[in-house]
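Worksheet for the structure shown next.
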Amino acid sequence: METIRPGRASDVPGIVEIINHYVVHTPVTFAVEPYTLETRMVWFDQFAPTGRHRLFVAERDGKVLGWSASGPFRAKAAYETTAETAIYTAQGEEGQGLGTRLYERLFEALRGEDLHRLVAGVTLPNEPSVHLHTRMGYEQLGVFTAVGRKFDQYWDVAWFERPAP
């Protein structure tokens, strides 16, 4: 069984390995160039041990298997009680409940924080992610059509929200 714990700077290489698989091989992230350790460290710096913006990592035998995070939704002050969530698992870890456990740990940590809404965007098609978000209490609100271009194709994004824990 894996351990789910707050993310550490030493996890960033494993996080980069996971996200870069999706960058290079899938449209689920709209990044088109692989991340470097340096660029992902800048991303990592937004998270804290307490508060609205958190990062959790699943690891087994020292290997990062996946991560869940809550970060800023928009830069304007009125959005500060809304967080955008993200979740990724390593190739081969899908369909085993890891995403559920990662989101459960994130929601547990966010309980009692000054948050009102959690939002998530899911590139379509991506039935496993749609199913996970729905199962975790998110409601699909709508679809932005053809908003991202990757692999010479336009992709839709479904937007989900749920009350903060």
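Any residue in segment 4-23 that's at pLDDT 95 or above and assigned to a helix (DSSP H, G or I): show its pairings with residues that are among the acidic types (Asp, Glu) and buried (at least 16 other Cβ atoms within 10 Å of the Cβ) at Cβ separation under 8 Å, as long as the two are six or more apart or on different chains. Once the first residue is at pLDDT 95 or above and assigned to a helix (DSSP H, G or I) and sits in segment 4-23, its partners that are among the acidic types (Asp, Glu) and buried (at least 16 other Cβ atoms within 10 Å of the Cβ) give Asp11/Glu59; Gly14/Glu59. Can you confirm whether Tyr79 is among the aromatic types (Phe, Trp, Tyr) and in contact with a strand residue (DSSP E or B) (Cβ under 8 Å, 6 or more places away or on another chain)? Considered against the rule, which asks whether it is among the aromatic types (Phe, Trp, Tyr) and in contact with a strand residue (DSSP E or B) (Cβ under 8 Å, 6 or more places away or on another chain), Tyr79 comes out as yes.
The rows are residues; the columns are (1) surrounded by fewer than 19 Cβ atoms within 10 Å (Cβ to Cβ); (2) over 14 Å from the mean Cα position of the chain (by Cα).
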| site | (1), (2) |
| --- | --- |
| Pro27 | no, yes |
| Ala31 | yes, no |
| His53 | yes, no |
| Asp61 | yes, yes |
| Val64 | no, yes |
| Ala69 | no, no |
| Tyr79 | yes, yes |
| Gly95 | yes, yes |
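Kindly indicate the residue of segment 35-48 that is assigned to a loop (DSSP other than H, G, I, E, B) and surrounded by 14 or more Cβ atoms within 10 Å (Cβ to Cβ) and also farthest from the chain's Cα centre (by Cα) among those meeting that condition. It comes out as Tyr35. Whenever a residue of segment 114-131 is more than 20 Å from Ala164 (Cβ to Cβ) and part of a helix (DSSP H, G or I), its partners that are modelled with pLDDT under 95 and small (Gly, Ala, Ser), lying with C-beta atoms within less than 8 angstrom and at least six residues away or across chains, give the pairs Pro128/Gly95. The condition of being touching a Ser or Thr at 6+ places or on another chain (Cβ under 7 Å) and outside any strand (DSSP E or B) holds for only one of Leu102, Leu65, that being Leu102.
The values are calculated or read from the model by the stated rules, or taken from the named source; none is laboratory data. Predicted model only: the values in this text are computed from it and were never measured. Neighbour counts run over all protein chains shown; Cβ positions are idealised from the backbone, glycine included.
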